[in-house]
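The values are calculated or read from the model by the stated rules, or taken from the named source; none is laboratory data. Remember, predicted model here, so these are calculated numbers, not experimental data. Note that we place each Cβ from the backbone using ideal geometry, even for glycine, and neighbour counts take in every protein chain shown. Please note that ligands, DNA and RNA were not included when accessible areas were found on the heavy atoms of the full protein model with its side chains. Shrake-Rupley method; radii C 1.70, N 1.55, O 1.52, S 1.80 Å.
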Amino acid sequence: MQRHLPEAALYETVAERLRQRILGHQLGPGSWIDGQALAIEFGISRTPLREALKVLASEGLVTMKLRRGAYVTEVSTRDLTEVFHLLGLLEGDAAATVARHASPEQLHELEGLHLELEACVHDRDRFFAANERFHLRLFDIADNRWGKQVMIDLRKVMKLNRHHSLFKQGRVEASLLEHRNLLAALLGRQPAQAQRLMREHIAHGEEAAKLPVTA
């Protein structure tokens with residue numbers, strides 16, 4: 001029996017379902033998005049689907065091609081370079097702000113999030129989720145909501161890469177060591193050091209994202 005999506009904010013519900021398929025690579029980069037088939041599957045008209053695709057296009061996840069329809073965005077080497085460069089600037093500044101202004105309670109919270117990373121180093125999916133929580137919380141503590149929104153969109157584009165950098169051989173362990181050093185700079189209230197380490201952390205992620213998969 002066909003299940004219909006709720007009417008409230010229907011296009012947002014559709015956008016989220018498509019977003020998860022794209023980020024989970026069920027719809028791979030370059031894939032054509034069959035609007036007719038999806039409308040039938042979701043039990044909706046084409047209107048909310050079109051609105052959902054506009055949302056995903058604004059996030060950089062979908063590319064609209066004239067007279068050809070919607071496609072999952074393909075990420076080039078240049079795209080990755082630009083995304084990681086911007087992430088390094090934004091997250092480096094956020095780390096410096098946190099080292100300078102965070103309360104002891106907030107630093108303790110970051111320390112707890114880091115311990116979650118330590119606990120799931122052998123589970124890449126859990127490590128990936130914990131890593132995202134750490135980086136998002138850093139922006140919350142820095143109280144930079146615009147920077148956080150840009151960072152979230154940039155990380156979505158980064159995840160379009162077929163093989164995310166954290167899934168490269170040895171990258172999880174290296175990332176964890178970088179987080180340890182970053183946390184030490186944050187706890188030691190060393191803004192310049194925290195900024196430098198965060199930018200290096202992002203740069204190392206970029207290097208790994210461009211390497212062939214060996215595991």
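General remarks:
- Radius of gyration, Dmax [the chain; alpha carbons; angstrom]: 19.0, 59
- Using only side-chain charges placed at the Cβ, +1 for Lys and Arg and -1 for Asp and Glu, the dipole size of the chain relative to its Cα centre rounds to 700 debye.
- Since only Pro191, Val157, Leu113 are under comparison, the one whose Cα sits farthest along the positive direction of the charge dipole of the chain, derived from C-beta charges on Lys, Arg, Asp and Glu, is Val157.
- Solvent-accessible heavy-atom area per residue, rounded to whole Å², over the chain at 1.4 Å: 54 Å²
- Orientation-averaged projected area, Cα convex hull of the range 116-166 (nm²): 3.7 nm²
- Expressed as a whole percent, the accessible area of the range 7-146 that falls on carbon and sulfur atoms is 52 (1.4 Å probe).
- Sorted peptide list for 148-161, 89-102, criterion being average Cβ within 10 angstrom, highest first: 89-102, 148-161
- Spatial separation of Cα centroids for the range 13-38 and the range 87-133, in angstrom: 30 Å
- Lysine pairs meeting the criterion (Cα under 15 Å, 8 or more apart or interchain), as found in the chain: 5
- Helical contribution to [θ] at 222 nm, DSSP H n ≥ 4, -39,500 (n - 2.57), averaged over the chain, rounded to 500: -22500 deg cm²/dmol
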